[in-house]
Every structure is written in structure tokens, then in C-alpha cells.
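Data first, discussion second: the structure below is written as C-alpha cells.
The values are calculated or read from the model by the stated rules, or taken from the named source; none is laboratory data. The model shown is predicted, which means the values in this text are computed figures rather than measured ones. Here the Cβ is made from the backbone with ideal geometry for all residues, glycine too, and neighbour counts use every protein chain on show.
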Amino acid sequence: MINARLLFIENMSTAKEEIRKIGVDAASIPWLSPKALFITMKIENVSTFAANIIKQEMLGKGGDAAVNRGVANFSTKSSDILLMGTYSQYNRLVYKLEMQSGSLKEIGEEIKRVLTGLEIGKPEYFECGKHKLPIGEKTYIMGILNITPDSFSDGGKYSNTESAVKRAKHMIENGADIIDIGGESTRPGYQPVDAIEEINRVVPVVDILSKELNVPISVDTSKAIVADKALKAGAHIINDVWGLQKDAELAEVVAKYGAGVVMMHNQEGREYHELMGDIVKFLRNSIDIAEKTGVRRENMVVDPGIGFGKNLDHNLEVMRRLKELSTLNLPVLIGTSRKSLIGNILDLPVDERLEGTSATVTLGIANGADFVRVHDVKEMARVARMTDAMVRV
């Protein structure tokens, strides 16, 4: 019986593998694979003049482009463009655009950047201090250790050094790959603490754990002075909920120690021009800040910021569209554990959100997450291991 079915090819590696399995001549694979990878790419805020040219060029190469209805008669000044075509068609478009000047050349370079990312993918390792974690082989479990009196889920439970150290060791026994220590709550309506208080909470715990554990230690802070003291005490990662955009000196501290950094999207208010586009733009700015201070891409992780500057619909949309962060070519961390998006859907209190967290972790890994930040380490380590078996090759 003849059996037709759909394939979902999302990168060049998959395209080459599927063509290879057909049994074609090996010399044909580099020629055929760019035609097997179909790409939909959005380009924002393009002048009407450029949009007209790009649409005609893409049509001429066998692809297509959706533009604002006002582009044809120049009744609008600018338009987003939705390009649709194969990798091969995009390459020919880029070749033509790079021969131009001004905005057309700039657009061509931007398209080329995205296409190059499809070939390069994420760094092979996440490097943080003395630790080097392979990316793509498994999902890493980041265990949450809040040394605060007011965190939304476990505030006050581990607010002294002895209980915090004990909790960290317990999480390692249950499968945590990283311990993330927070000395200031970031829950909605949190009370800020000054740097001295945060240092006094975090550094003693870091000092002990760095000597007794052989796993990366992360510190959740947006303050350069706290990061400096924590990294000096033995921490390996800075997890910044403001993506290096709140304290101008934080990136320099990360670079000085060769530390890893998690850069999260965040914003005041919940207004967006286009949710995922705005998140990607914010994180690209974070990456630029890091690179300009000498932080290497191998030291970077991005986080879309579930629950930060977002309502329920935003959070759900981010989870559905998480794969779009692949355009940044960096490992992705998600932090959904016990959060309000779960409570709002299931109408459950914080201590009854295990199953909801499991669902978000599973979908997150399937959509490209490499790290998951969780409270329930034992259970989520099992969820991640099972999901990895299904989605990682």
C-alpha cells in the first residue's frame, strides 16, 4: 500500500538526515537539503519601499511574502513582512539584497543572521566557571533555594544557613544539576532588600556549598555588588531576572569571573507590540550587552520570563511559541514551577501545583528548553528524564 505522511523538518540537520534515509547519492544531499527546509520568518518595521521590493524578489524565487495591504499603493509608511520559502530561496534572496545599499542590505544581513543560526544552532556547551555542561544531551534541573522570608512558595523555610545547606544537599540527592540561590524575592508585590542584606543572606550559603558540592551554584540577583561577592565566594552562574538591563555593571562582573549568566526577559507593565517579537528584541539587547563586556556565548542562557511582566494569556502564548527563541541560538531556561499560570488554570493553591508544573516542564522541553528551574526536584527530574527520552535524539 502506498503510504503518504507529513514530515516536520525544523533544521538543516533533520533535512539532511531525512534525505539521506531515502538513499539518494551522497553528493545530492547538500543540493537537496536547502529545498527540504521550509522557513517562515517575520521581519518587523520595514519601510513600504523595501517591503515592495522584498515581496517581488521573494515571489520571483518561488517563495512568497505577506505584507500590509497598504504596501501596494504606498498608503502605509511601513509594514511587517511574513516571508515564506525554502532555505534555498532565502539564500538567493539574501544574495540579491546584499548587493543593494541602505535598509535593503541591512535586511539581507538580518535574514542571513537567522539562516546562519539554523546551521550553527546552540553552543555545544554551557560554560560556567569550572563547569562545562553539554547542551542537547539532557535537560538540566535547576533546584530553587530561596533564602528569603517572603518568596511566594517557600518563603521562610530555608532562611538560615544550616537549613539552606541541608535543603541544597537534599535537592542534589534527588537529581538537581544546579542549585539556584535567591536572597531577594521576585514575586509580584515583593519588598526589595538592600545589597548588604542580600549579601548577608546569600554569601554564607554559597561559601559552604561551593566547598561541599560538585555542581554549579547559581545566584538569583540583579545587583552587581551581590554578584561580585557571590562569585568570589564560589558561585558559578548569575541568574538575572532583568537580563543585565537593570544594573549596568552586572555584565562586567560576569565577564570578570568567567561565570555563566541566565538573562531573563522582564518589563514594567504588560503592554506588548507583539509578544514574542518584543521578548526576542529584549533578549537580543541583553546578549549585546553581555558580548560588549566580554561574556562569551558559551556562558549565556536565555529565559522568556514566565510570570514576569505577563498576564495569563501571555504566559500561555510564550509556552506555545517557545521554539521561536531558537532564533537567538542560545540554551533556554524556563521557570514555571508552581506559578500563577498553573494556579489560574487549575484553580489550585501553591502547594497543589505539581501536576500543572509537570505539564509545563514537559511542553517546555519539547519546545526547546534546556534548563528547568523547579521546586519539586525529585518529581521534575523524573518528568525531564522521561521527556528527554521522547524528544532528544
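Among the residues in the range 24-36, are any in contact with a strand residue (DSSP E or B) (Cβ under 9 Å, 6 or more places away or on another chain) and of a type in the set (A, V, I, L, M, F, W, C)? The answer is yes, given that some residue of the range 24-36 is in contact with a strand residue (DSSP E or B) (Cβ under 9 Å, 6 or more places away or on another chain) and of a type in the set (A, V, I, L, M, F, W, C). Give me the residue from the range 287-309 that is assigned to a helix (DSSP H, G or I) and out of contact with any strand residue (DSSP E or B) (no Cβ under 9 Å at 6 or more places or on another chain) and, out of that set, farthest from ILE135 (Cα to Cα). Only one residue fits best here, namely LYS292.
Which one is modelled with the highest pLDDT among residues in the range 6-43 that are closer than 18 Å to GLY121 by Cβ and of a type in the set (S, T, N, Q)? Out of the qualifying residues, it is SER33.
Within the range 276-286, identify whether any single residue is within 24 Å of ILE181 (Cα to Cα) and among the hydrophobic types (A, V, I, L, M, F, W, C), and answer yes or no. Yes; the residues of the range 276-286 include at least one that is within 24 Å of ILE181 (Cα to Cα) and among the hydrophobic types (A, V, I, L, M, F, W, C). Within the range 1-25, being of a type in the set (A, V, I, L, M, F, W, C), surrounded by 14 or more Cβ atoms within 10 Å (Cβ to Cβ) and assigned to a loop (DSSP other than H, G, I, E, B) holds for one residue alone: ILE9.
Is there a residue being among the hydrophobic types (A, V, I, L, M, F, W, C), touching a Gly at 6+ places or on another chain (Cβ under 8 Å), at negative phi and assigned to a loop (DSSP other than H, G, I, E, B) anywhere in the range 130-139?
Quick first cut of the range 130-139, residues among the hydrophobic types (A, V, I, L, M, F, W, C) only: 133, 135.
Next cut, touching a Gly at 6+ places or on another chain (Cβ under 8 Å) only: none.
Within the range 130-139 (the criterion being among the hydrophobic types (A, V, I, L, M, F, W, C), touching a Gly at 6+ places or on another chain (Cβ under 8 Å), at negative phi and assigned to a loop (DSSP other than H, G, I, E, B)), the answer is no, since none of the residues qualifies.
Scanning the range 319-353 for residues that are surrounded by fewer than 18 Cβ atoms within 10 Å (Cβ to Cβ), assigned to a helix (DSSP H, G or I) and among the aliphatic types (A, V, I, L, M) turns up ILE345, LEU346, VAL350. Confirm whether ALA233 is among the small types (Gly, Ala, Ser) and within 19 Å of PHE126 (Cα to Cα). In short, no. Out of the residues in the range 49-94 meeting the condition of being crowded, with 19+ Cβ neighbours inside 10 Å, of a type in the set (Val, Ile, Thr) and in contact with a Ser or Thr (Cβ under 8 Å, 6 or more places away or on another chain), tell me which one is nearest to ILE9 (Cα to Cα). By that ranking, first place goes to VAL67.
Would you point out the residue of the range 211-242, among those that are assigned to a helix (DSSP H, G or I) and among the β-branched types (Val, Ile, Thr), that is surrounded by the most Cβ atoms within 10 Å (Cβ to Cβ)?
Step one: list which residues in the range 211-242 are assigned to a helix (DSSP H, G or I), which gives 211-212, 224-233.
Checking which are among the β-branched types (Val, Ile, Thr) leaves us with 225-226.
On the way: ILE225: 16, VAL226: 28.
Among those that are assigned to a helix (DSSP H, G or I) and among the β-branched types (Val, Ile, Thr), it is VAL226.
Only one of ILE196, ILE208 is of a type outside the set (Gly, Ala, Ser), free of Cβ contacts under 8 Å to residues at least 60 places away in the same chain, in contact with a helix residue (DSSP H, G or I) (Cβ under 7 Å, 6 or more places away or on another chain) and not in a loop (DSSP other than H, G, I, E, B); which?
After applying the criteria, what remains is ILE208.
Take the conditions (1) assigned to a helix (DSSP H, G or I); (2) within 23 Å of VAL114 (Cβ to Cβ); LYS256 misses just one of them, which is (2). Consider the range 360-378. How many of its residues are within 15 Å of ARG321 (Cα to Cα) and part of a helix (DSSP H, G or I)? Residues meeting the conditions: 7.
The condition of being touching a residue at least 24 places away in the same chain (Cβ under 8 Å) and under 21 Å from PHE8 (Cα atoms) holds for only one of GLY309, GLY364, that being GLY364.
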